[in-house]
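Let me begin by presenting the structure, written as structure tokens, before commenting on it.
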Amino acid sequence: MISGYLETLSAALNFDRALAERVRQEVEDHLQQAIAADPSNGGIAAEHRAIAEFGDAQAVAAQFATLSVAEQMRKLGIALILVIAGVFVAMKGRIAWYAVTGGDLGHDMTPVTRIVGSIDRYSFWLAVIIGTGSFAYVVGRPVPTLVDARYRKQLRCVLVLCLAAIAPLVLSVISDGVLTAIRMGAELCAWSLVPIGTMAIEIGCVGILVFHFWIMRSRTVFAVSLLAP
């Protein structure tokens, strides 16, 4: 009975193998201790009582999965702030390079570059505002010992907030790329290495963030579905 229970538990958590292995080991240790303490000194009856006291495998898996997602969500909030800071530093580094090399910080202002520049500026600060709010929302809510419907709604809210911050940040990086391409023109030289390098940093940071957000979204949907009636 113990083996079958653990297999059901692991199968429910197969979206995260590391989590499944950790939970399986923890639950197995707990059940073995419960069986050892049973007055019947082991046997099928003791296993049955230990499993009944521990709870339904699907419900237990849902609790572990959602709590794991909650912890990862906090890390996503921190990553969001770090990526925004990284993009900001890369932007400022590129502008400082233009100043040192005597470049035109206005990117040869034309109607197109003015529009793209405005999109870049406003979308970035929108990402800063929403990202800061998302971080405060995540950090300000401790992970509960028992997940309920209200907390699952909060997890969905965090996902929406993170997406609302990531979307303008991606738009800002795209705008940065357009402005950098216009600034460099068709001719590439040693002078272009710094602008290209800073753009690579921006794209890499945002790409990693988007990837982790997608993974987190998939895990959240899966964890919440475990508790669906």
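Using only the alpha-carbon atoms, how far is helix 17-36 inclined from the longest principal axis of the chain? Give it as 0 to 90 degrees, nearest 10.
That works out to roughly 20 degrees.
Can you give me the pair-distance distribution of the stretch 1-131, C-alpha pairs, 5 Å bins, whole percents?
The percentages, shortest bin first, are 2, 9, 13, 12, 10, 7, 6, 5, 6, 6, 6, 6, 5, 4, 3, 2, 1, 0.
So what is the calculated 222 nm ellipticity per residue for the chain, using -39500 (n - 2.57) for each DSSP H run with n of 4 or more, over all residues, to the nearest 500 deg cm²/dmol?
Mean residue ellipticity at 222 nm (helix-derived): -29000 deg cm²/dmol.
How many percent of Cα pairs in the stretch 2-55 exceed 15 Å?
On the way: 631 of 1431 pairs.
Distances greater than 15 Å cover 44 percent of the Cα pairs.
What percent does the relative contact order of the stretch 67-226 come to when contacts are Cα pairs within less than 8 Å and at least six residues apart?
Working: 138 pairs, mean separation 65.3, N = 160.
Computed value for the stretch 67-226: 41 percent relative contact order.
Just the Cα atoms of the chain: what Rg and Dmax do they give in Å?
25.0, 85
Could you state the angle between the C-alpha long axis of helix 57-100 and the longest principal axis of the C-alpha atoms of the chain, as a value from 0 to 90 degrees rounded to the nearest 10?
Value to nearest ten degrees: 10.
What's the FRET efficiency of GLU26 with PHE211 using the Cβ-Cβ distance as r and R₀ = 25 Å, to the nearest 0.05?
0.30
How far, in degrees from 0 to 90, does helix 44-54 lean away from the longest principal axis of the Cα atoms of the chain, to the nearest 10?
Between the helix axis and the principal axis of the chain, the angle is about 40 degrees.
Which peptide among 21-31, 66-76 comes first, and what is the full order, when sorted by highest mean count of other Cβ atoms within 10 Å? Intermediate values should be presented prior to the final figure.
Details: 21-31: 15.1, 66-76: 19.2.
Highest mean packing first, the order is 66-76, 21-31.
For a quick check, take a GNM of the chain with Cα springs below 10 Å and name the residue from PRO39, PRO111, PRO195 with the largest mean-square fluctuation.
Ranking PRO39, PRO111, PRO195 by mean-square fluctuation puts PRO39 first.
We did not get these values from a lab; they are worked out from the coordinates using the rules stated. All values derive from a computational prediction rather than experimental measurement. Backbone-built Cβ (ideal geometry, glycine too); neighbour counts: all protein chains shown.
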